[in-house]
Amino acid sequence: MAEEITTVQTITPATNLLATIQEEIGVNANLCYQCRKCSAGCPMSWAMDYTPAQLIHAIRLGQTELVLNSKTMWLCSACETCTTRCPQEVDIAKVMDACKILAVKQGFKSPVPRVHKFNKAALRNIKWFGRMYELGLIGDLKLRTFEFFKDFGLGVRMFFKGKLSLFPSLSPGRTITTWKIFSRVAKKEKEHRA
Ligand code: SF4
Ligand code: SF4
């Protein structure tokens, strides 16, 4: 005979993370009704520790530590398939970016440090040259990861096929414009923190 239920347990989700994400990027993850279409279309979900739908659910439940320690947003390739598929128009790709930014801001170590290092190297590269200078990016990344010989043969083949230029394409106008964008973002971030 089934056991009689005598008490009702109420679960009250903590909403801080949900509210912070909504405040930062204007996306209401609470609209999610867990259809999992985002996860079904995600090309990276096989490598993630939580699928996009699971991560959104954890955000709704206020599982800050779980979310910000997760590999999921670091492995997201920003392809936006999830965002396109979501019937509730939850911009999941944007949520992934917000989670990465919050994790860094709040001092959570990336469980996929290579990706974090790549992001930093790519941003610095764009800031300096106004566009991607691949050989410079590779050099910066090697110094950050100490993986000096990883993909060495591939790099040499790409170089001889003309896919990697020896020198960056420099344009002072472009570099100044990029610097202005970076300093505007830094200013906005400072205002936001104040
Ligand atoms: S597709 Fe949208 S509604 Fe469906 S689980 Fe993903 S976020 Fe939720
Ligand atoms: S944007 Fe990220 S989470 Fe969304 S489908 Fe692409 S890889 Fe997956």
**Prompt:** With respect to Arg85, is the statement that it is within 30 Å of Ile176 (Cα to Cα) and open to solvent by 70 Å² or more (accessible area, probe 1.4 Å) true?
**Reply:** no
**Request:** Just give me the residues in segment 92-116 being of a type in the set (A, V, I, L, M) and either over 30 Å from Ala40 (Cβ atoms) or not in a helix (DSSP H, G or I) (or both), in sequence order.
**Result:** Val112
**Message:** I'm trying to understand the selection: among the residues of segment 117-157, which are of a type in the set (Ser, Thr, Tyr) and assigned to a helix (DSSP H, G or I)?
**Reply:** Thr145
**Request:** Give the residues of segment 58-72 that are within 14 Å of ligand 2 (Cβ to nearest atom) and surrounded by fewer than 19 Cβ atoms within 10 Å (Cβ to Cβ), sorted by residue number.
**Result:** Lys71
**Prompt:** Among the residues of segment 160-194, which ones are part of a helix (DSSP H, G or I), out of contact with any helix residue (DSSP H, G or I) (no Cβ under 6 Å at 6 or more places or on another chain) and of a type in the set (Phe, Trp, Tyr)?
**Reply:** Phe160, Trp179
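Restricting attention to segment 95-103, does a residue exist that is open to solvent by 50 Å² or more (accessible area, probe 1.4 Å) and among the β-branched types (Val, Ile, Thr)?
Yes, that holds for at least one residue.
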**Asked** Has segment 38-50 got at least one residue that is touching a residue at least 24 places away in the same chain (Cβ under 8 Å), crowded, with 19+ Cβ neighbours inside 10 Å, near ligand 1 (Cβ under 9 Å from one of its atoms) and not in a loop (DSSP other than H, G, I, E, B)?
**Response** yes
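The values are calculated or read from the model by the stated rules, or taken from the named source; none is laboratory data. Note that the structure is a prediction, hence the values are computed from the model and not measured. Note that each Cβ is placed from the backbone with ideal geometry, even for glycine, and that neighbours are counted across all protein chains shown. Note: accessible area is taken over every heavy atom of the protein model, side chains too, but ligands, DNA and RNA are not part of it. Shrake-Rupley method; radii C 1.70, N 1.55, O 1.52, S 1.80 Å.
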